[in-house]
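Novice: Before I ask anything, here is the structure I am working with.
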Amino acid sequence: MSKKMHIKLNVNGKDEEFLAEPRELLIYTLRERLNITGPHIGCETSHCGACTVTIDGKSVKACTMFVAQASGKSVTTIEGIGGADDLHPLQNAFKEHHGLQCGYCTPGMITRASKLLEESPNPTEEEIRFGMAGNICRCTGYQNIIKSIQAAAAEMNAAKEAAE
């Protein structure tokens, strides 16, 4: 057994400190140690995107990152994007435009889409397809996911314009 490391993370705005083996995967830390179950374990090979989180402003697949690599960083999961009483525009758009069916991929989709809309506030359909290519959905056929992201972008842009 390897020596445990002192790990510090900021997860969804909350500081966390604990001891962990350096080889512990971030997805297991989030789900089992911190009880943050939004990011899902899908393929464990970084192909599906169900485990997508944002770390220091970058989309990362938590199933292929060691917790030691994330130490000292800020991690945002779906739980940090919005909640039941205060839905993020993406969460609301996925609900309103049927961007989900079984829901297994949805946390990773929304987490990646939120970063995509930060990078490109008014993306074309082609840009959305390219930006979301690392996140797989086996249920929807993607068209309603694209519609949801476009609707959220429009809502977010209108709110930004109204605030100016």
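Novice: Heavy atoms only, probe 1.4 angstrom, no DNA, RNA or ligands counted: give me HIS6, HIS88, HIS97 ranked by accessible area, highest first.
Specialist: Correct descending sequence by accessible area is HIS6, HIS97, HIS88.
Novice: ILE110: accessible area at probe 1.4 Å, nearest 10 Å²?
Specialist: In the full protein context, ILE110 sits at about 10 Å².
Novice: Let me ask you something else. What are the ³J(HN,Hα) couplings of segment 37-42, residue after residue, when phi is run through the Karplus curve with 6.51, -1.76, 1.60 and θ = phi - 60°? Round to Hz, x for glycine and proline.
Specialist: 3J(HN,Hα) across segment 37-42, in whole Hz: 9, x, x, 9, 9, x.
Novice: Count the net charge of all other residues whose Cβ sits under 15 Å from the Cβ of CYS48, scoring Lys and Arg as +1 and Asp and Glu as -1.
Specialist: It works out to a net charge of +2.
Novice: Near the amide H of MET5, under 5 Å away, which other amide H atoms are found, from residues 5 or more places off or on another chain, if H is placed in the peptide plane?
Specialist: ALA20, GLU21
Novice: For segment 7-161, what is the percent of antiparallel DSSP beta bridges, rounded to the nearest 5?
Specialist: About 85 percent, rounded to the nearest 5.
Novice: Of LEU26, LEU87, LEU100, which has the largest mean-square fluctuation in a 10 Å C-alpha GNM of the chain?
Specialist: Maximum among the listed residues: LEU87.
Novice: Sort segment 89-163 into rounded, prolate or oblate with this rule: let a ≥ b ≥ c be the square roots of the eigenvalues of the Cα gyration tensor; rounded if a/c is under 1.5, and if a/c is not under 1.5, prolate when a/b is larger than b/c, oblate otherwise.
Specialist: It comes out prolate by the Cα gyration axes.
Novice: Something else now. In square angstrom, rounded to the nearest 10, how much accessible surface does LYS8 have for a 1.4 Å probe?
Specialist: Per-residue accessible area (LYS8): approximately 100 Å².
Novice: Pull out a ≥ b ≥ c, the square roots of the eigenvalues of the alpha-carbon gyration tensor of segment 1-41, then state rounded if a/c is under 1.5, prolate if not and a/b is larger than b/c, and oblate in the remaining case.
Specialist: Cα axes put segment 1-41 in the oblate bin.
Novice: Ordering MET5, MET132 by accessible area with a probe of 1.4 Å, largest first, what comes out?
Specialist: Heavy-atom accessible area, descending, gives MET5, MET132.
Novice: Hey, another quick one. Got a number for carbon plus sulfur as a percent of the chain's accessible area, 1.4 Å probe?
Specialist: Ligands and nucleic acids excluded, carbon and sulfur reach 50 percent.
Novice: In the chain, which whole DSSP H runs stretch at least 27 Å along their own axis (Cα) and average -1.0 or higher on the Kyte-Doolittle scale?
Specialist: Those that pass (Cα extent of 27 Å or more, hydropathy at least -1.0) are 143-163.
Novice: Next question, about the same structure. Using a Gaussian network model of the chain whose springs link C-alpha atoms within less than 10 Å, name the residue from ALA154, ALA84, ALA20 with the highest mean-square fluctuation.
Specialist: ALA84
Novice: Going by the alpha-carbon gyration tensor, a ≥ b ≥ c the square roots of its eigenvalues, is segment 1-152 rounded (a/c under 1.5) or, if a/c is not under 1.5, prolate (a/b greater than b/c) versus oblate?
Specialist: prolate
Novice: Please list, in order along segment 128-133, the HN-Hα scalar couplings obtained from phi with the Karplus expression 6.51 cos²θ - 1.76 cosθ + 1.60 (θ = phi - 60°), rounded to whole Hz, x for Gly and Pro.
Specialist: Those phi angles translate into 5, 4, 5, x, 9, 4 Hz.
Novice: Per residue, what accessible area does segment 89-163 have, given a 1.4 Å probe and all protein chains present, in Å²?
Specialist: Here the per-residue accessible area is 53 Å².
Novice: Please go through the residue pairs LYS8/LYS160; LYS3/LYS115; LYS73/LYS95; LYS8/LYS115; LYS73/LYS147 and name each one whose alpha carbons sit more than 27 Å apart in this structure.
Specialist: Correct reply: LYS8/LYS160; LYS3/LYS115; LYS73/LYS95; LYS73/LYS147.
The values are calculated or read from the model by the stated rules, or taken from the named source; none is laboratory data. If you're wondering where the values come from, they're calculated on a predicted model, not measured in any experiment. Every residue, glycine as well, gets a Cβ built from its backbone with ideal geometry; the counts of neighbours run over all protein chains shown. Note: areas computed on protein heavy atoms with side chains; ligands, DNA, RNA excluded. Shrake-Rupley method; radii C 1.70, N 1.55, O 1.52, S 1.80 Å.
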